[in-house]
Amino acid sequence: MVTVGTYQKQPLFRTARRLTFLCEQLMGLAQQYSWKLEAWAVFPNHYHFIGTTEGQAATLRGFLSHLHTVTAKAINIEDEAAGRRVWFQYWDSHVTYERSYLARLNFVHRNAVHHRLVREPERYSWCSAGWFERSAGRAFFRTVMRMRSESVKVVDDFVVDPADVC
């Protein structure tokens, strides 16, 4: 599981177009680096994802570096803010226990609800909840969505203002 925040938690991806761009880059580069995304949630000032790889886990650093370079350059050009620091740091954890994995899937799929952006997770356009509902087996979907995630220890002290999400 990976969590990444923008520098000083600034809502730099505050428009629908930027959120979509970040999602597209995340998914495209994940595929390029042989990472399979199982859950994701993208916000104006941070994102989370759960991914697996058949290759080396060490490719995560290159994947994130590439993603952050591409997205930072694009918005800095758009904002005429050459050299502005966009990304701060990332936190990752290797999940090895099934219950922990299921709780983290729930956490990521429901993160837009946690941030009070929507009441139903599938209504947030920049997360995997709708995709998960459509593509997962019914029993697995129910298991994950019923899992409790309140005790999951994930960096998520980001304030997301609904006004920043167009």
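The values are calculated or read from the model by the stated rules, or taken from the named source; none is laboratory data. Computed from a predicted structure; not experimentally measured. Every residue, glycine as well, gets a Cβ built from its backbone with ideal geometry; the counts of neighbours run over all protein chains shown.
Table: residues versus (1) crowded, with 19+ Cβ neighbours inside 10 Å; (2) without any contact (Cβ under 8 Å) to a residue 60 or more places away in the chain.
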position	(1), (2)
K36	no, yes
H48	yes, no
T52	no, yes
F88	no, no
T96	no, yes
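Being in a loop (DSSP other than H, G, I, E, B), within 17 Å of Y7 (Cα to Cα) and at pLDDT below 90 narrows it down to one of V159, V95, so name that one.
Numbers: V95 fails: within 17 Å of Y7 (Cα to Cα).
Selected residue: V159, the only one of V159, V95 that is in a loop (DSSP other than H, G, I, E, B), within 17 Å of Y7 (Cα to Cα) and at pLDDT below 90.
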Total residues in segment 101-143, condition within 19 Å of C23 (Cα to Cα) and of a type in the set (A, V, I, L, M, F, W, C): 12
Please work out if A16 is of a type in the set (A, V, I, L, M, F, W, C) and closer than 25 Å to E98 by Cβ. no
Which residue is nearest to the chain's Cα centre (by Cα), if the candidates are limited to segment 87-131 and must be among the β-branched types (V, I, T) and under 23 Å from T59 (Cα atoms)? V108
From the list R146, R84, which residue is over 17 Å from the mean Cα position of the chain (by Cα) and either at pLDDT below 90 or surrounded by 15 or more Cβ atoms within 10 Å (Cβ to Cβ) (or both)? R146
For segment 1-34, which positions are in contact with a helix residue (DSSP H, G or I) (Cβ under 9 Å, 6 or more places away or on another chain), surrounded by 15 or more Cβ atoms within 10 Å (Cβ to Cβ) and part of a helix (DSSP H, G or I)? R18, F21, L22, Q25, L26, L29, A30
For segment 130-143, what are the residues that are surrounded by 10 or more Cβ atoms within 10 Å (Cβ to Cβ) and not hydroxyl-bearing (S, T, Y)? G130, W131, F132, E133, A136, F140, F141, R142
